[in-house]
Amino acid sequence: MPQPDVLISEVGPRDGLQSVHATMPTADKLRWIDALYAAGVREIEVASFVPARLLPQMADAAEVVRHAVSLPGLTVMALVPNRRGAEAALAAGVHKLTVPVSASEAHSLANVRKTRAQMVEEVRAIAELRRSLAPQVGFEAGLSTAFGCTLQGEVPEDEVIRLAVQCIEAGADEAGLSDTVGYANPAQVRRLFRRLRAELGDKAGAAHMHNTRGLGLANCLAAHDEGVRTFDASLGGLGGCPYAPGASGNVVTEDLVFMFEAMGVRTGIDLPQLIAARAPLMAGLPGEPVYGMTPEAGLPKGFRP
Ligand code: ZN
């Protein structure tokens, strides 16, 4: 099979599951991850290493990682909020760490009770840990609220770019931009990723877009036009959006893969098999709404990826 043109990084088992109330049984998580893998997904954020009392949905993080790393060629990612989480994730055997760093000072204080500067120090501590324990493991900083924040509103673009540079200087391999609350528009996405790539070169990371206001795909396309080649998405848009009933949270993987494949941009993912991967997801979370226009409508007649 030819090398894909873009990397679709599935974040449902982490981002999706941690935003729904119910806890998916471990066996269902593993079946879901296997189905994603069978469809050709080659990077999955499988868990978040946070205390189980804060997020009971993620209590089985180490077990899920141990299973996922047995799938050949799959990059297994985990979210870690701090050094302690990174230690646990590295012990479980992840291939890549991702640390959320809020671009908005208000969001950072509300979310992790740390200033942005303190989070940069956390990034430095994790980078040092990685260097001493597992230098082969990847490490990305994901700048949340990079396109706006429900608490402070606008997030100045200069501050976003400066923070991304600080994360790289502190030892992260790459810095990506997340539209955590779905405020981004394509013009803004173009502008910020152009600046990010000018500043960081190949250390500019993934686009993590939300579909809160229906612009998720448009924003991914804008990022692609600016040279971004890694896109986070979640199967069935799992998790929804607490602020916008009826809207998916993350960009829906099925729709994103359809857009790229229809354009002739290779994802390496088989759409019918990807759509089939919704079955284990729904079985593990009965009653939870899942989203996606492509799975609802079906593939166009004669569609060839
Ligand atoms: Zn998200």
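The values are calculated or read from the model by the stated rules, or taken from the named source; none is laboratory data. Worth saying up front: this structure is predicted, and the values here are computed from it rather than measured. Positions of Cβ are generated from backbone atoms using ideal geometry, with glycine treated the same way; all protein chains shown enter the neighbour counts. We work out accessible area using only protein heavy atoms, side chains counted, and drop any ligands, DNA or RNA first. Shrake-Rupley method; radii C 1.70, N 1.55, O 1.52, S 1.80 Å.
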Any hit, the range 25-37, residues being open to solvent by less than 30 Å² (accessible area, probe 1.4 Å) and touching a Phe, Trp or Tyr at 6+ places or on another chain (Cβ under 7 Å): no
Residue in the range 38-73 that is nearest to Arg130 (Cα to Cα), counting only those that are buried (at least 17 other Cβ atoms within 10 Å of the Cβ) and of a type in the set (D, E, K, R): Glu45
Val257 being open to solvent by less than 60 Å² (accessible area, probe 1.4 Å), β-branched (Val, Ile, Thr) and in a helix (DSSP H, G or I): yes
Residue match in the range 273-288 (condition: aliphatic (A, V, I, L, M), part of a helix (DSSP H, G or I) and open to solvent by less than 10 Å² (accessible area, probe 1.4 Å)): yes
Check on Val76, closer than 25 Å to Ile168 by Cβ, open to solvent by less than 20 Å² (accessible area, probe 1.4 Å) and more than 16 Å from the ligand (Cβ to nearest atom): yes
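Are any residues in the range 39-80 within 14 Å of the chain's Cα centre (by Cα) and not charged (D, E, K, R), and if so, which ones?
The answer is Val41, Ile44, Val46, Ala47, Ser48, Thr75, Val76, Met77, Ala78, Leu79, Val80.
Residue-wise test of (1) within 16 Å of the ligand (Cβ to nearest atom); (2) more than 21 Å from Thr230 (Cα to Cα).
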{"site": "Gln3", "(1), (2)": "no, no"}
{"site": "Ile8", "(1), (2)": "yes, no"}
{"site": "Pro13", "(1), (2)": "yes, no"}
{"site": "Val20", "(1), (2)": "yes, yes"}
{"site": "Thr23", "(1), (2)": "no, yes"}
{"site": "Arg31", "(1), (2)": "no, yes"}
{"site": "Ala35", "(1), (2)": "no, no"}
{"site": "Ala47", "(1), (2)": "yes, no"}
Boolean, Ala175 is of a type in the set (A, V, I, L, M) and within 13 Å of the ligand (Cβ to nearest atom): no
Of all residues making up the range 1-38, the number that are of a type outside the set (Gly, Ala, Ser) and not in a helix (DSSP H, G or I): 15
Candidates Gly240, Gly302, Gly268, filtered to the one that is away from the ligand (no atom under 16 Å from the Cβ), at pLDDT below 95 and out of contact with any helix residue (DSSP H, G or I) (no Cβ under 8 Å at 6 or more places or on another chain): Gly302
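Residue under question is Ala106, and the condition is that it be modelled with pLDDT under 95, at negative phi and assigned to a loop (DSSP other than H, G, I, E, B); does it hold?
Working: modelled with pLDDT under 95: yes; at negative phi: yes; assigned to a loop (DSSP other than H, G, I, E, B): no.
No, not satisfied.
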